[in-house]
Amino acid sequence: MASHQAHADDDDQVLTPYVQYSLLYDDNLLRLRDSAQAQATLGTTQMSDYVHSTAGGVRFDRMFSRQHIRLDARLTQNTFDNFRQFNNDQRDLNAYWGWALGEHFTGDLGYVYSQGLTPFQNLRVLEKNIRTAQTRYATAAWQLHPDWTVRGQYSRFSLGYDLPSLQNNSFSQDIYEMGLDYTARSGSVAGLQVRHTRGNYPEPALVSGVEINNSFTQDELKTRISWLFSDKTKFQFLGGYVRRERVTGGAANYSGFNARLITDWEVSAKTAFSMNLYREIGGVSDIDANYALTDGLSLASRWRATEKIRLDAAIDYQRRNYNGAAVVTGVTPSDRKDTYKKYSFGITYAPLRSWSLMAAIYREDSSSNIAGYGYVSNGIALTTRYEF
């Protein structure tokens, strides 16, 4: 649970050190089906735990003429009351350079690094498993006409696990993207973009005597629209044709329509709503599945009751249809279907510009047609943050 920023950035303060402490209680921390599964896998019916997270970091934010530099580095110590074998130190770094060259060339360079405990709902492995995720990206845009802009992007994402048994889930992907946008006088944007993705799993897995490698290529052609309907309402749409092919071939390929629609509605200076509706293909952390096609809907609301108090509520619903590797018999069926729901509510109180307090409650409900993959979890998080 990340706390909301207590106050707007002070233009005169370039360097901001901060400290943060969070206490999380979760009644099903390891995302198990029930106490019987806990007893069978852990030797105890204990499913709940308290997690203490103490963080310290520093944020740098400054404009140098038209160049924007941001840096956020943080170290977090996470300790568990019951499942102490999962105690870990988490490291996060986010570096960004927004550049401008002349009047017509703009872009950004960035690097994001995160090292910490793998969330238990991601991989069904009840061992301490530290994952390292890195993203490098670069974008450039050329305004060749007051109304037309050509843009390009390259990004590389890599994910690795330190647990030897999960090395075959480590992977990397390279994304190449080009687009052409038309900007109307109202500020609305319409355009087309093409994207090519190469996903690589360097270590194939051996399942039932069969070697599985989920490396893939993916090509997309999509329409991009950002419609400023009014001063308070904005619609964003990205959708089109997607084709995904496994490098080693087989039946686990995909082609179809993917889309995402985002609506932002600023009802007033104090109240706002947002909706995120999507149908997208994505990779999964299962050696026996090449991808999952996800239909999702997210709703969020924000109400600033006073200058010091803010309320947030959100609902997230996902339906995931998996495509398994047809060459594997007796592993996860290719017709696996999961449903995921999450409800959350939070309140933030900022008694001072530099100090904030937050309380949040949530409920996760995941079900599957595969036995043992469903769970229910309820939690509460308390967070305090101070910026110097």
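Applying a threshold of 8 Å to beta carbon distances and a minimum spacing of six or more residues, or different chains, the list of pairs starting in the stretch 103-125 at a residue that is in contact (Cβ under 8 Å) with a residue 40 or more places away in the chain and of a type outside the set (S, T, N, Q) and ending at one that is assigned to a loop (DSSP other than H, G, I, E, B) and open to solvent by 40 Å² or more (accessible area, probe 1.4 Å) reads Phe120/Leu126; Arg124/Tyr373. All of Gly102, Gly107, Gly98 fail the test of being touching a His at 6+ places or on another chain (Cβ under 6 Å) and not polar (S, T, N, Q), apart from Gly98. Asn214 passes every criterion in (1) in a loop (DSSP other than H, G, I, E, B); (2) modelled with pLDDT of 90 or more apart from (2). Looking at this structure, is Asp181 charged (D, E, K, R), over 30 Å from Arg33 (Cβ atoms) and touching a residue at least 12 places away in the same chain (Cβ under 8 Å)? Answer is yes for this residue.
Restricting attention to the stretch 58-70 and to residues that are open to solvent by 70 Å² or more (accessible area, probe 1.4 Å) and touching a strand residue (DSSP E or B) at 6+ places or on another chain (Cβ under 6 Å), the residue that is nearest to Asp92 (Cα to Cα) turns out to be Arg70. One residue stands out among those in the stretch 235-267 that are charged (D, E, K, R) and open to solvent by 70 Å² or more (accessible area, probe 1.4 Å): the one that is modelled with the lowest pLDDT, which is Glu245.
Scanning the stretch 190-203 for residues that are over 25 Å from Thr248 (Cβ atoms) and surrounded by 17 or more Cβ atoms within 10 Å (Cβ to Cβ) yields Gly191, Gln193. Looking only at residues in the stretch 356-374 that are assigned to a strand (DSSP E or B) and either open to solvent by 30 Å² or more (accessible area, probe 1.4 Å) or touching a helix residue (DSSP H, G or I) at 6+ places or on another chain (Cβ under 9 Å) (or both), the one that is farthest from Ala292 (Cα to Cα) is Leu357. The C-beta contact set for the stretch 279-302 (first residue farther than 25 Å from Tyr161 by Cβ and among the hydrophobic types (A, V, I, L, M, F, W, C), second residue open to solvent by 20 Å² or more (accessible area, probe 1.4 Å) and modelled with pLDDT of 95 or more, distance under 6 angstrom, 6+ apart or interchain) comprises Leu297/Leu277; Leu297/Tyr317; Leu299/Met275; Leu299/Ile315; Ala300/Ser274; Ala300/Ala314.
Taken over the stretch 76-96, the criterion of being touching a strand residue (DSSP E or B) at 6+ places or on another chain (Cβ under 6 Å), open to solvent by 50 Å² or more (accessible area, probe 1.4 Å) and outside any loop (DSSP other than H, G, I, E, B) is satisfied by Gln77, Asp89, Gln90, Arg91, Leu93, Asn94.
For Gln143, the requirement of being over 30 Å from Ser268 (Cβ atoms), part of a loop (DSSP other than H, G, I, E, B) and among the polar types (S, T, N, Q) is not met.
Taken over the stretch 41-57, residues that are more than 18 Å from Gln85 (Cβ to Cβ) and open to solvent by 50 Å² or more (accessible area, probe 1.4 Å) amount to 1. Tell me, which residue of the stretch 152-173 that is in contact (Cβ under 8 Å) with a residue 40 or more places away in the chain and not in a strand (DSSP E or B) is farthest from the chain's Cα centre (by Cα)? Of everything passing the filter in the stretch 152-173, Ser165 is farthest from the chain's Cα centre (by Cα).
If you go through the stretch 24-55 and pick out every residue that is without any contact (Cβ under 8 Å) to a residue 24 or more places away in the chain and outside any helix (DSSP H, G or I), you end up with 5.
Within the stretch 204-218, not a single residue is open to solvent by 30 Å² or more (accessible area, probe 1.4 Å) and touching a Leu at 6+ places or on another chain (Cβ under 6 Å). Within the stretch 158-176, the set of residues being under 15 Å from Arg195 (Cα atoms) and either surrounded by fewer than 17 Cβ atoms within 10 Å (Cβ to Cβ) or aromatic (Phe, Trp, Tyr) (or both) comprises Asp174, Tyr176.
Given the structure, is Tyr137 modelled with pLDDT of 95 or more, more than 30 Å from Asp365 (Cβ to Cβ) and loosely packed, with under 15 Cβ neighbours inside 10 Å? No: the conditions fail for Tyr137.
The values are calculated or read from the model by the stated rules, or taken from the named source; none is laboratory data. Bear in mind that the values here come from a model prediction, so they are computed numbers and not experimental data. Positions of Cβ are backbone-derived with ideal geometry, glycine not excepted, and every protein chain shown enters the neighbour counts. The accessibility values were calculated without ligands, DNA or RNA, using every heavy atom of the protein model including side chains. Shrake-Rupley method; radii C 1.70, N 1.55, O 1.52, S 1.80 Å.
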